[in-house]
1. Aspartates and glutamates within cross-link reach of residue 347: Cα-Cα under 12 Å, excluding same-chain residues under 8 positions apart?
2. Which angle between 0 and 90 degrees, to the nearest 10, do you get for helix 376-389 versus the longest principal axis of the chain when only C-alpha atoms count?
3. Which trypsin sites (Lys or Arg not before Pro) does region 108-161 hold that lie in a coil by DSSP with at most 15 other beta carbons within 10 Å?
4. Please tell me the relative contact order of the chain in percent, rounded to the nearest whole number, where contacts are Cα pairs under 8 Å and at least six residues apart.
5. Name the residues whose placed amide hydrogens come within less than 5 Å of the amide hydrogen of residue 171, ignoring near sequence neighbours (fewer than 5 apart) on the same chain.
6. Using only Cα atoms, tell me the angle between helix 110-127 and the longest principal axis of the chain; keep it within 0 to 90° and round to the nearest 10.
7. Amide H of residue 270: which non-local residues (sequence gap of 5 or more, or other chain) have their own amide H closer than 5 Å, using H built in the peptide plane?
8. For region 202-310, which trypsin sites (Lys or Arg not before Pro) are in a loop by DSSP, counting at most 12 other Cβ atoms within 10 Å?
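Values quoted throughout were computed directly from the atomic coordinates according to the rules given, and no laboratory measurement underlies them. Just so you know, these numbers come straight off a predicted model, no measurement behind them. All Cβ positions, glycine included, derive from the backbone under ideal geometry; neighbour counts span all protein chains shown.
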Amino acid sequence: MKKLTFLLVILSFNGLSQVNIKEQLQSAEQLINEKKYSESAEYLKAIISENPSSQEAHYYLGQAYYKPLFVDGLKMQNINLKLALKSSSEFKKVIEISPYYSGQVFVLGPYSKIQTIWGSMAMNYILKGITDSAKWAFLYGKSEGGFNDALLEYNKNILAGCDERAIVFTSGDNDTFPIWFLQMIDGYRKDITIINVNLLNVPWYIKQLKNNYPFGYNNISLTISDEKIDELRPVQWQETQMELPVNDPLNKENKIIWTLKPTYENKALLVKDQMILEILKENKWERPVYFSTTVKESYLAGLNEYLTLEGLVRKVNTHKKEISPEKILSNINEVYTYNGLKDEHYKYDNDVKSIYSNYLNLYFILANHFYETGKREEAKEVLSLMLEKFPDDLFRPDLKNELEELNRKLSEQQ
């Protein structure tokens with residue numbers, strides 16, 4: 001408290017307007033990092049009183065309220081509603097001042113922060129058995145600026161490209177909370193079970209998937225008891241060859257074989273990786289299994305060689321196949337929609353802009369595949385479709401360079 005008092009005295013003496021706001025925000029960030037959330041909030045409110053139009057100051061204040069909501073990021077049972085409202089309100093002020101925000105970001109921009117707050121609050125209510133309040137949280141989050149149409153559409157496309165009764169592994173906020181919204185609020189693709197890999201480290205989430213998936217009607221088949229789930233911990237692990245039997249004429253060994261390395265400090269296997277293995281083993285290929293393309297390589301349990309790219313997801317396959325050009329082409333042209341481009345949200349929300357980069361990457365991967373397999377006309381057609389669908393300002397400099405290089409190669413005589 002002494003540190004805060006000293007800071008406020010200094011600001012008062014010099015006049016807030018005379019102090020470099022960047023330095024003030026750095027001091028506030030230090031307080032947040034030291035987990036002095038109340039002090040940082042008071043300090044930031046003093047800054048805002050003299051700089052009410054500072055987007056960054058409001059963003060930082062939103063962060064000061066946001067951090068204590070998730071002291072343990074895997075616990076969603078006791079999220080404080082008053083803090084959630086305060087944090088959401090500050091992030092909303094950021095985008096009310098201007099929809100364009102180019103200031104400091106802590107992992108997520110203001111739109112996605114709002115979405116995370118209310119997606120987590122919805123799960124908080126679900127865990128307490130208050131479904132109506134969970135629905136309210138989702139809808140309130142959308143009214144505040146989260147769950148924007150472009151991001152919902154992206155996640156709808158993830159689901160649309162999957163087979164019936166699929167299991168889909170995700171890992172981030174922007175490929176989990178919007179899907180929960182779509183399933184609970186819109187009733188879309190409730191046959192699919194979403195599994196957030198990060199949450200697989202905690203018992204309550206594993207038991208929820210097993211016993212009562214709240215967003216659809218297909219639980220995960222697991223024979224492990226609830227008592228054993230509560231006892232799960234990281235286990236000592238060394239590089240191990242894994243096997244899973246298959247019935248596939250394209251797989252002469254009748255099994256998939258892969259290497260699983262330690263996933264924690266080069267000596268242990270985290271609970272999430274143990275559970276991915278358990279889910280695959282128990283599933284016995286009865287339900288199709290996918291990983292969202294946003295899932296990090298280190299979260300794939302070593303299955304990379306058996307993941308087939310089909311669009312915004314990679315399907316766990318019974319034989320090695322890196323890419324399914326037919327499926328990707330069908331998805332990007334016939335299944336996926338791109339209506340989110342109409343509101344131009346991508347122009348001021350970097351999190352949305354990044355998901356459009358995922359679409360563009362698909363077109364480039366497919367075009368390169370066609371070029372490398374001698375199908376030049378098909379490659380040209382894919383690039384033409386991409387340029388027809390997506391505006392020029394979505395192409396990063398590296399993508400523009402890649403497009404120029406690919407066009408050059410395609411124009412060369414065979």
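1. Leaving aside aspartates and glutamates fewer than 8 places away in the same chain, those within reach of residue 347 are 392, 393.
2. 30
3. Numbers: sites: 113, 128, 135, 142, 156; in loops: 128.
Listed in order of number, the matching sites are 128.
4. Details: 575 pairs, mean separation 46.7, N = 414.
11 percent.
5. Distant-sequence amide H within range of residue 171: 197.
6. For 110-127 against the chain, the angle is about 80 degrees.
7. 263, 264
8. Details: sites: 207, 210, 228, 252, 255, 267, 272, 281, 284, 296; in loops: 252, 267, 284, 296.
Those satisfying the criteria are 252, 267, 284, 296.
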